[in-house]
Number of protein chains: 2
Amino acid sequence: MGVNEIDRLIQVLSKLPGLGPRSARRASLHLIKNREAILKPLALAMEAVAENIQTCSTCGNLDAADPCSICTNSKRDGNIICVVEEVADLWALERSATYNGSYHVLGGVLSPLDGIGPDDLMLDGLLARAKVGSVVEVILATSATVDGKTTAHYITGLLVNCAVNVTALAHGIPVGGELDYLDDGTLSAAMKERRGI
Amino acid sequence: MGVNEIDRLIQVLSKLPGLGPRSARRASLHLIKNREAILKPLALAMEAVAENIQTCSTCGNLDAADPCSICTNSKRDGNIICVVEEVADLWALERSATYNGSYHVLGGVLSPLDGIGPDDLMLDGLLARAKVGSVVEVILATSATVDGKTTAHYITGLLVNCAVNVTALAHGIPVGGELDYLDDGTLSAAMKERRGI
């Protein structure tokens, strides 16, 4: 401390999500101690990202190319669009390896309290894409929160004149979840949407 | 994911203490989203640290100068040496603003299980400093763990022929600590070392 360079590094690191002042100090020391193994590779990785990564003008994904590798992948079904809030949600769905269509990243959710209205989300692009004749389905994969639900509801309204099937992710018991620990809302949704075996 | 530059950034970030794969992903997205506000300042801060910060050859502290600003500060008492395990411990003591002497950073603790012996610590430098006639006190501020205690005991043995007063930090109840939640060892130490009011 008292050393400007180190203080500055700690200060910037502590702005990262999940790092407070204490863990930023630990991370800084770790970086300084492992100059060759971590500090320099991290600087290079950050430089590469700053130079190469851009937002896909079609779907809002982050990629080295625009349109992104998902939009241009001919093995994926461009006629199904999965609407997600953030790139992190897109990554989560990709990790689950369960979906082979295209995406649309909204860049947030409607949140009147935070002053986020329809104009702040990438809704125009979604509408334009949904109006293309070949598109058959729009999957609303927003979060199951009040804001996420509101956003999904709003988008459903926007798409009412498009000839697409609007769907949403299923509610129910998380895989591995114990009934005893689940909230009433989830249990009630799982009971309502029960299915034959 | 699947984007090499982003994957690489996540991979390096997840090597930092306190960041796992999930929080490294969050941090990466945060960096990409805040390119001007965080990514570039962080890159600059890391570059400055990599170029300027070095280990003080006297005490082992990290600083832009060698000897460090604590060793060269004429307002500090160079005749008292506080021995700490890591630079993080030095920072912690500096934050407490309770000590105005010099430091000696060991760079670890004796730990036979991890294969860390006396040769791996900065002990020669400490001995040489303690032998200087004007030095009056060596404060052993290692952790109150088995390894920290062992290290302090070992150093006490080394210093037995030096004309210095060897002391250690006091044990007792942490300020703000509730007796009910304290371990037996701490309570017993606090009772043994009770003092008149």
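The values are calculated or read from the model by the stated rules, or taken from the named source; none is laboratory data. What you see is a predicted model; the values in this text were computed from it and never measured. Reconstructed Cβ throughout: ideal geometry from the backbone, glycine too, with neighbour counts over all protein chains shown. Remember, those area values only see protein heavy atoms, side chains included, never the ligands or the DNA or RNA. Shrake-Rupley method; radii C 1.70, N 1.55, O 1.52, S 1.80 Å.
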Quiz item: What is the residue count in region A:5-36 for residues that are open to solvent by 60 Å² or more (accessible area, probe 1.4 Å) and out of contact with any helix residue (DSSP H, G or I) (no Cβ under 8 Å at 6 or more places or on another chain)?
Solution: 3
Self-check item: Filter result for A:Lys75 (part of a loop (DSSP other than H, G, I, E, B), surrounded by fewer than 21 Cβ atoms within 10 Å (Cβ to Cβ) and within 7 Å of chain B (Cβ to nearest Cβ))
Solution: no
Quiz item: Only one of (1) assigned to a helix (DSSP H, G or I); (2) more than 8 Å from chain B (Cβ to nearest Cβ) fails for A:Cys59. Which number is that?
Solution: (1)
Quiz prompt | Those residues of region B:166-181 which are part of a loop (DSSP other than H, G, I, E, B) and buried (at least 16 other Cβ atoms within 10 Å of the Cβ), in sequence order | solution = B:Gly172
Exercise. State the number of residues belonging to region A:78-103 that are in a strand (DSSP E or B) and open to solvent by 20 Å² or more (accessible area, probe 1.4 Å).
Key: 3
Exercise. Hey, can you tell me all the residues within region B:118-136 that are surrounded by 11 or more Cβ atoms within 10 Å (Cβ to Cβ) and in a loop (DSSP other than H, G, I, E, B)?
Key: B:Leu121, B:Met122, B:Val132, B:Val135, B:Val136
Exercise. Six or more apart or on different chains, Cβ under 6 Å: which pairs go from a residue in region A:69-92 that's touching a residue at least 60 places away in the same chain (Cβ under 8 Å) to one that's of a type outside the set (Asp, Glu) and part of a loop (DSSP other than H, G, I, E, B)? Could you list them?
Key: A:Glu85/A:Leu106; A:Glu85/A:Val109; A:Glu85/A:Thr142
Quiz item: (1) out of contact with any Asp or Glu (no Cβ under 9 Å at 6 or more places or on another chain); (2) part of a helix (DSSP H, G or I): which one isn't true of A:Val49, the others all being true?
Solution: (1)
Quiz prompt | Residue count, region B:71-110 (criterion: under 26 Å from B:Tyr154 (Cα atoms) and under 15 Å from the mean Cα position of the chain (by Cα)) | solution = 24
Quiz item: Counting just the residues of region A:37-65 that are among the small types (Gly, Ala, Ser) and under 18 Å from the mean Cα position of the chain (by Cα), which one comes out surrounded by the fewest Cβ atoms within 10 Å (Cβ to Cβ)?
Solution: A:Ser57
Quiz prompt | Count of residues meeting criterion [among the small types (Gly, Ala, Ser), touching a residue at least 12 places away in the same chain (Cβ under 8 Å) and within 7 Å of another protein chain (Cβ to nearest Cβ)] in region B:1-55 | solution = 1
Exercise. List the number of the failed condition for B:Trp91; all other conditions in (1) within 24 Å of A:Arg22 (Cα to Cα); (2) more than 14 Å from chain A (Cβ to nearest Cβ) hold.
Key: (2)
Quiz item: Which residues, counting only those in region B:140-165, are crowded, with 16+ Cβ neighbours inside 10 Å, under 21 Å from B:Ala92 (Cα atoms) and of a type outside the set (S, T, N, Q)?
Solution: B:Leu140, B:Ala141, B:Asp147, B:Gly148, B:Lys149, B:Ala152
Exercise. Inspect all residues belonging to region A:104-115 and state whether any of them is assigned by TED's automatic domain parsing to the domain that holds A:Val164, loosely packed, with under 15 Cβ neighbours inside 10 Å and within 21 Å of B:Arg26 (Cβ to Cβ).
Key: yes
